1. Given the structure, is Gln15 at pLDDT 75 or above, buried (at least 24 other Cβ atoms within 10 Å of the Cβ) and either touching a helix residue (DSSP H, G or I) at 6+ places or on another chain (Cβ under 6 Å) or not β-branched (Val, Ile, Thr) (or both)?
2. Would you please name the residue that is surrounded by the fewest Cβ atoms within 10 Å (Cβ to Cβ), looking only at residues in the stretch 176-205 that are small (Gly, Ala, Ser) and under 17 Å from Ser234 (Cα atoms)?
3. Read through the list (1) modelled with pLDDT of 90 or more; (2) assigned to a helix (DSSP H, G or I); (3) of a type in the set (Ser, Thr, Tyr), then give the number of the only condition that Thr283 fails.
4. Which of the residues belonging to the stretch 157-167 are farther than 15 Å from Leu126 by Cβ and at pLDDT 95 or above?
5. What number of residues in the stretch 179-199 are part of a strand (DSSP E or B) and in contact with a Lys or Arg (Cβ under 8 Å, 6 or more places away or on another chain)?
6. Condition test on Asp259, is it at pLDDT 80 or above and in contact with a Lys or Arg (Cβ under 6 Å, 6 or more places away or on another chain)?
7. Residues that are within 24 Å of Leu181 (Cβ to Cβ) and of a type in the set (Gly, Ala, Ser): find the strands (runs of 3 or more DSSP E) completely inside the stretch 200-275 holding 1 or more of those.
8. Inside the stretch 110-145, can you point out the residues that are assigned to a loop (DSSP other than H, G, I, E, B) and either within 20 Å of Pro93 (Cβ to Cβ) or of a type in the set (Asp, Glu) (or both)?
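The values are calculated or read from the model by the stated rules, or taken from the named source; none is laboratory data. Just so we're clear, the structure is a prediction, and the values are computed from it rather than from any experiment. For neighbour counting, all protein chains shown are included, and Cβ atoms are generated from backbone atoms with ideal geometry for every residue, glycine included.
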Amino acid sequence: MSSSSSSSQASSHSQHPILCASFNQDNSGFAVSSRDGFKIFDSNTGRLCYERGESLSPSSFLLCVGAFGIVEMLYSSSLLAIVGGGEQPSLSPRRLCLFNTTTGTALRELNFLTSVLAVRLNKKRLVVVLQEKTYIYDSNSLAILDTIDTVPNVKGLCAFSPSLDGCFLALPASTTKGSVLVYNVMDIHLHCEIDAHRAPLAAVALSTNGKYIATASEQGTIIRVHLVPEATKSYSFRRGTYPSTIFSLSFGPSLELPDILVATSSSGSVHVFSLGFALNQRTRRSNSLLGLLPDSVSDALDPAHHHVLHNAVSAGVKSYVVVRKVDKVAETSPADFVVCRATLSVVTFNGFFLEYVVNINSQNESKWSLEREFNLLSSTSGEEQHFQLV
């Protein structure tokens, strides 16, 4: 996931109506913001669960309608972390508000000297990313636990694994090459630095349990996966021959080896990389233990492990994908039987939600289908329903 909860943020001057999009930590819900407010949807049903386009609370921060640059959820609770888009003085991008959707009030506000570029949270930690500093807070007391000085991070690029057992934060370590710093957020220390690419980072994602990290550079042709505990390279996948901007990366939800890694790019394609299939093929080929494999792997694996849906979204339109569910069947099935069925949810910044299902058989052949599509901007809530506190 980008995490898992992973988010994508756009400038308030974006040409597209969606300013930000983020899924919660288990991908059961997602939030989108436009210049008129924000909405929260149930990923499973597409139901609009919460909407704010009018006066939000007596707080000075939330007096008027306007754009929000960041809306982050805490699982399916009533707590949101929101940041203004800066189009109005009361919606400052330097102010983070912890907002209760049940009461419609601001619980706490945090003010910063520069704009907040990204926010990540779980039940124990709150992470706030600025251009040259990243703050780690205790989620309950809001006490500052650490301040990390970073290289200029103008895009607010980061990844966060919400699991309390493997809670890591990834940040760019260089502006000239694709290096990434990985912090242990629970124990508050630098875990490792990984040199992943020659060009600067464009996208990064951590698996839910924090065991794997995926990276793409601004070149966008190679996507690499490293094992976080050992900081060793496990996989390299070739996305394509020509450069493309990687908009998002997301791992499957498995708590062991993620079955798949997915990506969206400026070409309008959705890419699926079969980690499990690559591992099985590699194991048969090398007869080696998993721990010994990274040293013997070529830089780019066979493209047969790569499945692409072309024109999944409009080319050039920013998009954000997550893997909501992966179903597997026994390997004793017939040779052409589906062994992996993945449900992918895509939010596009021109205002659409798309749900694709990709079936991959034992011969590593794939078949795609569009299961659902709806307009995020025209959706109405009917009877508004709040998420309940976990």
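1. no
2. Taking the candidates together, the pick is Ser179.
3. (1)
4. The answer is Leu157, Ala159.
5. 3
6. In short, no.
7. 201-206, 212-217, 232-238, 246-251, 260-265
8. Phe112, Leu113, Thr114, Ser115, Val116, Leu117, Leu130, Gln131, Glu132, Leu142
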